[in-house]
Structures are given as structure tokens and as C-alpha cells.
1. Would you mention how many residues in region 251-268 are in contact with a helix residue (DSSP H, G or I) (Cβ under 7 Å, 6 or more places away or on another chain) and either under 13 Å from residue 314 (Cα atoms) or surrounded by fewer than 21 Cβ atoms within 10 Å (Cβ to Cβ) (or both)?
2. Search region 28-58 for residues being surrounded by fewer than 19 Cβ atoms within 10 Å (Cβ to Cβ), modelled with pLDDT under 90 and in a helix (DSSP H, G or I), and hand back the single one that is farthest from the chain's Cα centre (by Cα).
3. Please determine, by comparing only the residues of region 184-199 that are within 18 Å of residue 70 (Cβ to Cβ) and in contact with a helix residue (DSSP H, G or I) (Cβ under 7 Å, 6 or more places away or on another chain), which one is surrounded by the fewest Cβ atoms within 10 Å (Cβ to Cβ).
4. Among the listed residues 349, 378, 355, which satisfies the condition of being part of a helix (DSSP H, G or I) and at pLDDT 95 or above?
5. Is it true that some residue in region 200-211 is surrounded by 21 or more Cβ atoms within 10 Å (Cβ to Cβ), farther than 27 Å from residue 75 by Cβ and at pLDDT below 85?
6. Residues in region 302-312: is at least one crowded, with 21+ Cβ neighbours inside 10 Å and either free of Cβ contacts under 8 Å to residues at least 40 places away in the same chain or out of contact with any helix residue (DSSP H, G or I) (no Cβ under 9 Å at 6 or more places or on another chain) (or both)?
7. Take the conditions outside any loop (DSSP other than H, G, I, E, B) and over 30 Å from residue 323 (Cα atoms) and apply them to residue 203. Does it pass?
8. Pairs, please: C-beta under 7 Å, at least 6 apart or cross-chain, first residue without any contact (Cβ under 8 Å) to a residue 60 or more places away in the chain and at negative phi and in region 208-222, second buried (at least 23 other Cβ atoms within 10 Å of the Cβ) and part of a helix (DSSP H, G or I)?
């Protein structure tokens, strides 16, 4: 009983601190038109950068925080990340131009990668295999409440007090969730298991991790899938407002679609023991390809009816929920002895792939679904190839730094 209560508390604390990632993206979506008007942004597609450059900043932080957490402990490293995040939040809050706001968003991304990386490493410190996938699923299940309420919060705050107060809200959440972790969460990496940062071993171990076929294939696959999600997020407000005229009700519909992600994560926690992570990923990727065909052939001139759009996007979120739970666990599975560095590299690879997809393809958004359909189908097909490539050879375990 105490073990279950301890696990539940651990999951809630991890959700609280990692909620900064989702809040920093989803709460900003309804605020994008307000930012555009306030800062006199000429090209509406430039507002997508408020989302994508946040992820771009995460790429740099993810390379840094993993080795640092292996050296100084998870909680100390978490504190460093949150301080950086708060600095970026303050810069964004007071930015007089879009350029300075985007600079603040990059700094936010660098900082928030601390909580993101440390939370994954903490899970890997305590779990492995299917139980680890199950914990990730539980975390995602609770975590899905954030996208359900964040757009409504963002819209309400921006409408009542202006978009700058949204950043003040993020600042308060960061401080409170960090305080909870620092006071209540025991350190999962004791001093005797820590590894002093040395450039040579870090670089050699990084090369060993990235040359591991299983890790590199799963990390790249996670990046392709994350790219689909990031493109959807960065264009969702525009799709609802410009294609379907649902700008005021966007937070409600966004929340409804987000439940598909949560339902998949909850279901995955049960299915993973019966069918395994690889098989569930295979089914989800095939489903994404078929979904692309549904969008393409279900409408005219790149637009489907609103009801079909909602059905298709709910299905999209369901499949993405299955994939996120399992791809993370699959990529981390061989990296038990270097969980911090491994989590950094896996997240960095997935983030840079996702940003490249979203930035390059998002510029072609033209008030239709063609861009989303193309990225959906091509990304899923390449992911299938990588998924089979990862299984061609049994993954070798990386259980310590290469000295």
C-alpha cells in the first residue's frame, strides 16, 4: 500500500514539473492572434515560431542537462533548468518586439528541457522494461489534463488581462511545481552512483549511444512523430479559425481532441503487457498512414467537413498517444546505466527532427489540410521503416560511461 502511494506521489510530482512543457505550448496557442496584433506581425505564419522555436531551444538544453544530472543529481539539475526557464519567461513577458519574444522562447525551451530530461531519467532510475512503459503511460494519462485546460486558460487570461499575463502564469507554475519537487521528492540518483563530467567520456559514450541502431532508430522515429504533433499544434489555431471559423470555441474543441491522447496513454498501460511496445507502435503507424488517406479522399481541395476533421484529429491524437508512450520507453531501454545522458540524446534527436519538420513544412500552410496530410503520411511511412530497422538486431546495453 505504501509502495502504491509512493508511486502515485512520484507520478503526480513528475506530471507537475513536466506540465511546464505542455503549458508553455498549449496555453500560448489562443494568445497567438493577440501577440500578432500587439507586436504588429505582418505574416501570420511567423507566429508559428512562438511554438517551434520553444522546441528548438529544448534541443540545446537537452544536450546539456542529461550529463549534468548524472554528475550533480537529478534535483540539483532540475533547479538549474527552472531558473533558466524563469529568465526566458521574464524576457518574453516584457518583450517589445516579436524578435525579442522569440529569443525569450528559445531561452524558455533551454530551461524547460531540464524538467523534461530529469523526469525521464528519474523514471528510468526506478523502473525498466514494460513497467517503465506503464509508468510513462500513467504520467501521460494525467499529463493529458494539461492540453485539455491550457488553451482555455490561455484564452481567458489573454482576453481579460493580455497575452503578457500568460507568461506570468507560467512563471508561477514553474516556481510552485519546483518547490513541490525539491521538498517532497527524494533524490533518485545517490552520490555514489553519480558520474563526474569529463568531456572525453561524455563524447565517447554519446557516440556509442547514437551508434546503437536501436536507440538511433527509435529516437529518430520519435522525432518524426513529434514533428507531426508539433506541426498540428503550431497550425491548429489557424485551422480552426481560418478554415472552420471556430476561433472562439477553439479551446473547447482542442480539449476534446486532447482526450484521444489521454485515452491512448491509459489504454496503453494495460495493452503493453499483453502485446508489447513494438507491436503497438506498428499498429499505430499503420493507422496514421490510413488516416492520411482518410483526410485526403474524404474532402475536396484539401478540406474535409468539420465533423470529419474532428473525427480524424481525435484518431490522430489517439495514435500519437500510443506512440509517445512506447517510443520513449523503447529508446531508453538499453540505457539503464547512463539514463541521464541517454535521455538527453534521445530527446535532442527527437526535438531537432521535429523542429526541422515543423518549421520547413509549416511555412507552406495555405488554409488547407494538405501540409498536415503530407507530413502525416510521409512521417508515418519513414517511421515504419525505422521501426523495422530497430528490430533487425538485438539492442546492446550501454550500462556505463566509456572511459
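1. 12
2. For region 28-58, the residue satisfying everything is 44.
3. The qualifying residue surrounded by the fewest Cβ atoms within 10 Å (Cβ to Cβ) is 196.
4. On inspection, the qualifying residue turns out to be 378.
5. no
6. Checked region 302-312: at least one residue is crowded, with 21+ Cβ neighbours inside 10 Å and either free of Cβ contacts under 8 Å to residues at least 40 places away in the same chain or out of contact with any helix residue (DSSP H, G or I) (no Cβ under 9 Å at 6 or more places or on another chain) (or both).
7. No: the conditions fail for residue 203.
8. none
The values are calculated or read from the model by the stated rules, or taken from the named source; none is laboratory data. This is a predicted model, so every value here is computed, not measured. Backbone-built Cβ (ideal geometry, glycine too); neighbour counts: all protein chains shown.
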